[in-house]
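No lab work stands behind these numbers, since they all come straight from the coordinates. A quick note: this is a predicted structure, and the numbers were derived from the prediction, not measured. So basically every Cβ, Gly included, is an ideal-geometry build from the backbone, and we count neighbours across all protein chains shown.
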Amino acid sequence: MKRVGVREFRDRATQYLAGDEVLAIERHGHTIGFYIPSGASREGSFAEALARLEQTVQRVLSETGLSEEELSRLYDLSESVPERPVRRRAG
């Protein structure tokens, strides 16, 4: 998954929207959202898009070490983004 800043996403939106890469959108070093292409070239159904979203969420949880609850809190726009220490993976 590629990480891009808000400004880069805005400036290159046409290119990113035409692509099929999942993006993590960041502001000031904090992930504030994800762009998950629906796959216009694949013309999948809603169920397929939902399955792809689930796979992406699982990958994000695995890569970040966040729980589902922590991830959902990051996207609760009524709260500020919580500061949290970086978790080190064992191994």
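Considering every alpha-carbon pair of the range 2-74, the percent of pairs per 10 Å bin, from zero through the bin containing the longest distance, is 18, 47, 32, 3.
Using Cα pairs under 8 angstrom and six or more residues apart, how large is the relative contact order of the range 2-74, in percent? Computed over the range 2-74, the figure is 21 percent. Placing dummy labels 7 Å off each Cα toward the beta-carbon, the span from Ser67 to Asp20 is 3.6 nm.
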